[in-house]
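> Quick one: structure below, then a few questions.
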Amino acid sequence: MNKTVLIVDDSATVRVAVKMALKKDYEVIDAKNGKDALDVIERFYTGGNRLNLIITDINMPIMGGLEFIKEVKNNRNARFVPILVLTTESQDNMKMEGKKAGATGWLVKPFKPDQLLEVAKKVIR
Amino acid sequence: MSDLDREMLEVFLTDAEEQLTIFENELLNMEANPDDEETIKTIFRSMHTLKGSAGFVNLSEVESFTHKLENLLSELRDKHLKNNPEIIEILFQSKDILNSMINAISSNGEPPDRFKINEVEKMIKDIIKTSSTDIELEEDESQLEQQSMAESYFRVELKFRTDVFETGTDPILLIEDLSKQCIVISTAMNIKNVPLFPKINPFENQLSWKIIVQSPNGRKTIDDVFMFAAMDNDIVVEKIEKDELEVVEESKIGELLIREGYLEESEIEEIMDRHMKIGEELVKEGKVTKKIVDTMAEKQEEIRKIQRTNTLRIDTDKLDRIIESIGEVVVVKSRIRQIMERKGWMDLEEEATLTELDRYINNLQKDVMDTRMVPIKDTLLPFRRLVRDIAKKQEKDIDLEILGESTELDKTITEKIKDPLKHMLRNSIDHGIESPQERIGLGKKPKGNIILEASHQNGEVIITISDDGKGIDREAVTKKAIERGLIEKDKVLTQEEANKMIFRPGFSTAEQVTDISGRGVGMDVVKDNINSIQGEIEIQSEPGKGSTFTIHIPLTLAIIEGILISVGSNKMIIPIQSVVKFLPLEANKIHRVNHEQTIEFQNAYIPVIDLCRQLGFKDGTKAMLIIVQSGNSNIALIIDEVIGKYQIVIKSLEENFKKVKYCAGATVLGDGSVALILDAKSLIRSYRQ
């Protein structure tokens, strides 16, 4: 069975970039913000599937990354799914914030496809 | 531009347009409500998103400009700056610049005015300068990093939070990653905190680890592995010196418990402090006086001093000389027995004394041999690094599994098998294991597997190297053998012949120059090396599934057991592992096939060789046949008589006389005469060629 990655970002460019980078090894599904992502997770698990990794941006409209992570940590199904937060050079403190919220690791934007794949492999069981 | 880049760019343009619309709308809001926090946040986010997206499509101009805007907006958001019409004006101008940047890409519109960009950037910079006192500290770390890049040893202590799983971190995954990046010297897992089984909470981690590794690139390799986990778990990476690795031979139970991570040093100290020394306790109980205890303590110290010098390193040459002397004793003892037998009789006491002498000599011999025995571990473990490096260079993914590393064998042999094994592993990686892509195409796991296993079997050491690569390609080998002129043009090799072909001299050539070995070494050289230590090498190979090389080597080279035979008027020793069977020679069982004498043995016809003629001796009685083997090949030798089993010390003929064909050396027998030691391998080899 293919492993599935959920990418949550308000930028379509980032979502496409993540899909492109991972599509060879993983199934990639996406959501525009934290709230959408929670819906996606709910539907995904109801359909009998399971996620293997969540990658999320921090700064998003409607529901940002940190709040989203906290919600995931309270989600019965997705509680133990590794989460990577997307940060940029300019927001180094976000790595810490993300970890505090319950993220597994981070990835600094912009990243090369290989970098993403490498980090994904590091955290996916 | 590739299709992929074009596709990404299109997505980006739609994205950018969306963000710029948000930017403009919110700017209008800002004019009305300059201090509204939501508005500032939304504007910041739109620039942040645009910056991130631009980075993915390599639009560095957009990225760098939005980065500066983002800085300005974060100053506003964090209230380091008070908003004012000047700032809003700058933001409007920035929006226009971004618009023209995007338009220039999407519809080949006018490129933005460089001068204008510089002007706005400068204004942004000036405004930020008034607010910010941040000084960027960085650099100077590179030097430190350089230092830690060298290969070195580390102790890694991992104490994960109990709720580590909640953060999506799996300690096992990290430890596996560590063992892939580094060579693990030892691992100790602390299970002290694990509750009884019914009380175990599977969602909590109660384990901690102490792992000693050799890192190829210093601390950085390890830090990279724990990059994420180090932030919120207790992970200590400590550099240690190589000699700290050497396990102290005699450790107290407490020291072991600490080293293996079951206890903390302080815990032991606490308990130890509670206890009085045995001496003090005895004095207290009135069993002995303090004076006696003190005297004994001095004595103890003296004994300790002596004990400290109890282990010493011995030159293997010295051991060799002892073994040789024991060999001589064995010879002298058999001479005594012969002399007594010649006398015609031996009384019980003489017989018993000789038997006792036998027993002591055997023990002595065994003890001395034991001192030369070392575990094969030290020879095999460094191969992990070798395999990892070669695999990496060739972009192959290979797991090397080492089994039976505690198998012991003679130290001189471990030294002599190192090179052959190294070359064989190289060959397995070079020619056996396919690239990950090829493997996937063949329906195999992308990661190749090599198993290196050592074991004892029938007084021999067996080392096998198995890979799950492509095996010996019969057709390719046939083609190459024809090219090299080793076989007739229209000959078709069977799989077994192809397997054997790779050991033929001249089959592989110096053509295989690789980055790693400089020059690939042919399997013929490997075979010669192994033969030179009385060893044998065989191969089993299944095309597409992999190959297994099996090496048989003797436990030791110093003393061998052999069968003494007489041929012509000479005596010879045949090493016992070469001997299969003795048969009386019956002329009617010998057949002629293709002008050669053969005999049926185990459902096959094997060659019969007249050893007298082969070695140029005078003809003898020729009453016996002895079947000897080398590898998978058997051969029958015509000899005169089998005298008995002997333990012999090999003397080199080359050193003492000159090299004699088909002889591995010579030995001195009980009666002082010299017997040649038959080299069954070279005899069989020459016969088969």
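No lab work stands behind these numbers, since they all come straight from the coordinates. Since we're looking at a predicted model, the values are computed, not measured. Cβ placement follows ideal geometry from the backbone for every residue including glycine, while neighbour counts extend to all protein chains displayed.
> Pick out, in residue order, every one of the trypsin sites (Lys or Arg not before Pro) in segment B:616-689 that is DSSP loop and has at most 13 other C-beta atoms within 10 Å; say none if there are none.
In loop regions of segment B:616-689 (DSSP not H, G, I, E or B), the sparsely surrounded trypsin sites (Lys or Arg not before Pro) are B:LYS618, B:LYS658, B:LYS659, B:LYS661.
> Positive end of the charge dipole of the protein assembly as shown (Lys, Arg +1 and Asp, Glu -1 on Cβ, about the Cα centre): tell me which of B:GLN338, B:PHE203, B:GLY506 has its Cα farthest that way.
B:GLN338
> Between A:ASN74 and B:SER406, what is the label-to-label distance in nm when each label sits 7 Å out along the Cα-to-Cβ direction?
Label-label distance for A:ASN74 and B:SER406, simple model: 5.4 nm.
> Can you pull the three principal axis extents for the Cα set of segment B:144-244, in Å, largest first?
Dimensions of segment B:144-244 along the principal axes of its Cα atoms: 48, 27, 19 Å.
> Is any helix in chain A, taking whole DSSP H runs, at least 24 angstrom long along its axis by alpha carbon and on average at least 0.5 on the Kyte-Doolittle scale, and which ones?
Counting only whole DSSP H runs, no helix qualifies.
> Then there is this: Would you mind listing how long chain B runs along its three principal axes, going by Cα atoms, in whole Å with the largest first?
Principal-axis extents of the Cα atoms in chain B, largest first: 129, 98, 51 Å.
> What is the calculated FRET efficiency for B:GLU298 to A:LYS121, with r their C-beta to C-beta distance and R₀ = 60 Å, to the nearest 0.05?
Result of the calculation: an efficiency of 0.40.
> Suppose each label sits 7 Å from its Cα in the direction of the beta carbon; what would the B:ASN603-B:GLU280 distance come out to in nanometres?
Distance between the two pseudo-spin positions: 7.8 nm.
> For chain B, what is the mean residue ellipticity at 222 nm derived from helices alone (per DSSP H run of n ≥ 4: -39500 (n - 2.57); sum divided by total residues; nearest 500 deg cm²/dmol)?
Calculated at 222 nm, the ellipticity per residue is -14500 deg cm²/dmol.
> Using only Cα atoms, figure out Rg for segment B:376-554 and give it as a multiple of 2.2 N^0.38 Å.
Segment B:376-554 yields a ratio of 1.02.
> So, one more: Determine the distance separating the Cα centre of segment B:171-244 from the Cα centre of segment A:70-117; give it in Å without decimals.
Here the answer is 22 Å between Cα centres.
> Extension gain B:SER186-B:ALA32, at 0.36 nm per residue separation less the Cα-Cα distance, in nm?
Gain on extension, B:SER186 to B:ALA32, equals 48.7 nm.
> Suppose R0 equals 35 Å; then what is the FRET efficiency for B:LYS618 and B:LEU348 from their Cβ-Cβ distance, rounded to the nearest 0.05?
That gives a FRET efficiency of 0.25.
> Lys and Arg at +1, Asp and Glu at -1: add these up for the other residues within a Cβ distance under 10 Å of B:VAL461 and post the number.
Net of charged neighbours comes to -3.
> Separate question: I'd like the FRET efficiency for B:LYS489 and B:LEU442, computed as 1/(1 + (r/R0)^6) with the beta carbon distance as r and R0 of 25 Å, rounded to 0.05.
0.20
> So which helices of chain B fit the span-like rule, where a helix is a whole DSSP H run, its Cα atoms reach 18 Å or more along the axis, and its mean Kyte-Doolittle is at least 0.5?
Those that pass (Cα extent of 18 Å or more, hydropathy at least 0.5) are B:85-106.
> Per residue of segment B:612-621, in order, report the coupling 6.51 cos²θ - 1.76 cosθ + 1.60 (Karplus, θ = phi - 60°) as ³J(HN,Hα) in whole Hz, putting x for Gly and Pro.
Calculated HN-Hα couplings, in order: 4, 5, 4, 9, x, 8, 5, 5, x, 6 Hz.
> Ok, one more. In the neighborhood of A:THR46, defined by Cβ-to-Cβ distances under 14 Å, what is the net charge if each Lys or Arg adds +1 and each Asp or Glu adds -1?
Residues close to A:THR46 contribute a combined charge of +1.
> Sticking with this one: Shape call for segment B:583-670 from the C-alpha gyration tensor, a ≥ b ≥ c root eigenvalues: rounded (a/c under 1.5), prolate (a/b greater than b/c) or oblate?
The shape class here is prolate.
> Right, next: Could you give the spread of the C-alpha atoms of chain A along their three principal axes, from largest to smallest, in whole angstroms?
Projected onto the principal axes, the Cα atoms of chain A cover 39, 30, 25 Å.
> Note down the net charge around B:ARG114, summing +1 for each Lys or Arg and -1 for each Asp or Glu among other residues with Cβ under 11 Å from its Cβ.
Once positives and negatives cancel, what remains is -3.
> Still on this structure: Gap in Å between the Cα centre of segment B:397-471 and the Cα centre of segment B:60-86?
60 Å
> Moving on to the next point. Can you list residues from other chains, or at least 5 along the same chain, whose modelled amide H is less than 5 Å from the amide H of B:LEU555?
Hits under the 5 Å cutoff: B:VAL461.
> Let me ask something else about it. Please list, in chain and number order, the residues 5+ apart from B:ASP170 or on another chain whose amide H is under 5 Å from its amide H, with Hs placed from the backbone.
Those lying under 5 Å, H to H, from B:ASP170: there are none.
> Using a basic spin-label model with each label point 7 Å from the Cα along Cα→Cβ, how many nm lie between B:ASP177 and B:GLU265?
So the label points at B:ASP177 and B:GLU265 sit 3.0 nm apart.
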